[in-house]
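S.K.: Got a structure here, written out as structure tokens. Questions coming.
Just so it is clear, none of the values below were taken in a lab; they were calculated from the coordinates. A quick note: this is a predicted structure, and the numbers were derived from the prediction, not measured. Quick reminder, even Gly has a Cβ in these numbers, built from the backbone with ideal geometry, and neighbours come from all protein chains shown.
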Amino acid sequence: MYTEIVKIIEGGIVGDKEKVYNYTKVLVEKLEKSGDASLAKKIQSILSNKRTRMVSLDEFSTKPVDNESRLDMVDIFIPDKSFEDPILKNYIHEEIDEFIHSYEQRDVILRAGIDNVSSLLLYGPPGCGKTTVAKFISYKTGLPLVTVRLDGLVSSLLGSTAKNIRKIFDYASKRECILFLDEFDVVAKLRDDKHELGELKRVVNSLLQNIDDFSNNSIMIAATNHHELLDPAVWRRFSKIVKLEKPNKEEIIQLIKLYTKNIKCSAIENIKKLDLLAAAFEGVSHGDVKTVVNNSIKKSLINNKYGIHNWDMLGELYLYRNHRIISEKDFIIYLLHYGVTQKEVSDNYNYSLRKVRDITKSTE
């Protein structure tokens, strides 16, 4: 079996997926004959699982380029097993799962005489997980994610913009993948916008035509923070539309636990403090929670503390929202309101205990 293992490694290094696949099958057969049925079954399940596709980056190496800037117009994400499920509301998870299952069962759906177009429009505030959902679908289906930032396609010559769009769709149509159109509103704007040129309206028409002609073997996902700008005709091109929202209290708690899993966090161990901490975060996006928690961790590591507390995250959250301490009184009241004790405020923010107590009395 050493020969098969060496051949599999060689194939993986040079990107020869057929070599990897064929020698893995031989390895499975030898494992079964040697009595290691459990490992053989596990490897076989990996081979046969639709979600695990041996896709080589070489297939996507020749990226489309903007003629004006000479820059690549797409980024490629190849899913692996390190990707974690996004933290979203249950009904949104159900919608995404249904979309994935619809793609996986597309042959059954087509045989029933139903035209199955795997297209998804995601909209909602910035930082609420649109890119994460696209990567999650890539991970679940095993399809490479071809990300296009449409703001980078808009050329000073609008005729070139239409050509760039055509290039992108031609590129994605030649291989099974997920075409992810980020910042979708940049191109898919209202055609009756009186402030836009007639040429831009033709660009929108070109986009709609390319969407209609896109391969049924692939998935198309579009994302926008400004759904109100989209042309009404655009909405009809998508088989599934999902609105992503800011996290609620329960989701915030899950996010805090996720982002602090590799460092000691005292707030996680105290239900009351964790509940108050989550309440302080309400109204921010998933991305904001990650930024604030990561800033707290970085500050802790820089100061050789190797652990964070609720007051660390609350302090970072206050600065993230206000960009400065509005007043010492305002900041102290804020910390106390969200569960930091008078002594903790004094010890960790260099305020005298008497000052903290005086401010507490003034608010009673």
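S.K.: How are the C-alpha pair distances of the range 2-48 spread across 5 Å bins, as whole percents from the shortest bin up?
M.R.: 5, 25, 29, 25, 12, 3, 0
S.K.: With a cut-off of 8 Å between alpha carbons and a minimum separation of six or more residues, what is the relative contact order of the chain in percent? Intermediate values should be presented prior to the final figure.
M.R.: Working: 482 pairs, mean separation 52.0, N = 364.
Rounded, it is 14 percent for the chain.
S.K.: Let me ask you something else. Could you order the peptides 140-147, 108-115, 319-326 from most to least packed, using the average number of other C-beta atoms within 10 Å per residue? If you can, show how the numbers build up before the last one.
M.R.: Working: 140-147: 21.8, 108-115: 9.8, 319-326: 11.9.
Answer by packing, highest mean first, reads 140-147, 319-326, 108-115.
S.K.: Over the chain, with a Gaussian network built from C-alpha contacts below 10 Å, which listed residue (V187, V117, V340) shows the highest mean-square fluctuation?
M.R.: Fluctuation is largest for V340.
S.K.: Follow-up. Note down the net charge around R354, summing +1 for each Lys or Arg and -1 for each Asp or Glu among other residues with Cβ under 15 Å from its Cβ. Show your work: numbers first, answer last.
M.R.: Values: positive: K329, K343, K355, R357, K361; negative: E328, D347, D358.
Every neighbour counted, the sum reads +2.
S.K.: Provide Rg over Rh for the chain; use the alpha carbon set for both Rg and the Kirkwood Rh (inverse mean inverse pair distance). Walk me through the intermediate numbers first.
M.R.: On the way: Rg = 25.8 Å, Rh = 24.2 Å.
Radius of gyration relative to Kirkwood radius: 1.07.
S.K.: Could you work out the relative contact order of the range 57-243, using alpha carbon pairs under 8 angstrom and six or more residues apart, expressed as a whole percent?
M.R.: On the way: 275 pairs, mean separation 55.2, N = 187.
This gives 30 percent for the range 57-243.
S.K.: Further, regarding this structure: Starting from the alpha-carbon convex hull of the range 250-297, give the projected area averaged over all orientations, in nm². Intermediate values should be presented prior to the final figure.
M.R.: Working: hull surface 11.9 nm².
Result: 3.0 nm².
S.K.: If you project the alpha carbons of the range 242-355 onto their three principal axes, what span does each projection cover, largest first, in Å?
M.R.: 51, 28, 26
S.K.: What is the Cα coordinate range of the range 310-364 on the first, second and third principal axes, sorted by size from largest, in whole angstrom?
M.R.: Each principal axis gives a Cα extent; for the range 310-364 these are 27, 18, 18 Å.
S.K.: Where does the chain land at 222 nm, in deg cm²/dmol rounded to the nearest 500, when only DSSP H runs of n ≥ 4 count, each adding -39500 (n - 2.57), divided by all residues?
M.R.: Values: 16 runs with 192 residues, N = 364.
Result for the chain, helices only: -16500 deg cm²/dmol.
S.K.: Sorted from fewest to most neighbouring beta carbons within 10 Å, what does the list W235, W311 look like?
M.R.: Working: W235 12, W311 23.
Exposure proxy ranking, most exposed first: W235, W311.
S.K.: What whole number of Å gives the distance from the Cα centroid of the range 232-247 to the Cα centroid of the range 287-359?
M.R.: Spelled out, the Cα-based centre of one part sits 39 Å from the other.
S.K.: Say we join alpha carbon atoms closer than 10 Å with springs in a Gaussian network model of the chain; which of S346, S160, S327 then has the biggest fluctuation?
M.R.: Fluctuation is largest for S327.
S.K.: Something else about it: Mind checking the angle between helix 286-302 and the chain's longest principal axis? C-alpha axes, 0 to 90 degrees, to the nearest 10.
M.R.: 60
S.K.: Average projected area of the Cα convex hull of the range 158-298, in nm²?
M.R.: Values: hull surface 47.2 nm².
Reported value for the Cα convex hull: 11.8 nm².
S.K.: For the pair R149/Q209, report the inter-label distance in nm, with labels modelled 7 Å from Cα in the Cβ direction.
M.R.: 2.8
S.K.: Order these by the 10 Å Cβ neighbour count, fewest first: H93, H227. Please report the intermediate quantities before stating the final value.
M.R.: Working: H93 15, H227 18.
Starting with the residue having the fewest Cβ neighbours, the order is H93, H227.
S.K.: Here's a follow-up. May I ask you to compute the full-extension gain from E245 to K305, defined as 0.36 nm times their residue separation minus their alpha-carbon distance, rounded to one decimal in nm? Present the calculation step by step, with values, prior to reporting the outcome.
M.R.: Details: separation 60, 0.36 × 60 = 21.60 nm, distance 3.44 nm.
So the extension gain works out to 18.2 nm.
S.K.: Report the FRET efficiency, 1/(1 + (r/R0)^6), for K290 and I326, where r is their Cβ-Cβ distance and R0 is 22 Å, rounded to 0.05.
M.R.: Values: r = 24 Å, r/R0 = 1.11.
My answer for the efficiency is 0.35.
S.K.: Here is a follow-up. Using only the alpha-carbon atoms, how far is helix 249-259 inclined from the longest principal axis of the chain? Give it as 0 to 90 degrees, nearest 10.
M.R.: Once rounded, the angle reads 80 degrees.
S.K.: Relative to the compact globular guide of 2.2 N^0.38 Å, what is the alpha carbon radius of gyration of the range 57-243, as a ratio?
M.R.: Numbers: Rg = 16.2 Å, N = 187, 2.2 N^0.38 = 16.1 Å.
The value comes to 1.01.
S.K.: Could I ask something else about it? Can you list the HN-Hα couplings for the range 164-174, worked out from phi with the Karplus curve (6.51, -1.76, 1.60; θ = phi - 60°), rounded to whole Hz and with x for Gly and Pro?
M.R.: Result, ordered by residue: 4, 4, 4, 4, 4, 5, 4, 4, 6, 6, 7 Hz.
S.K.: Name the residue, out of R175, R236, R106, whose mean-square fluctuation peaks in a Gaussian network model built on the chain with Cα pairs under 10 Å.
M.R.: Taking springs between Cα atoms under 10 Å, the residue moving most is R236.
S.K.: Given an 8 Å cut-off on Cα distances and at least 6 residues of separation, report the relative contact order of the range 250-364 as a percent. Each step should come with its number before you reach the end.
M.R.: Values: 102 pairs, mean separation 27.4, N = 115.
Taking the mean separation of contacting Cα pairs over the length of the range 250-364, I get 24 percent.
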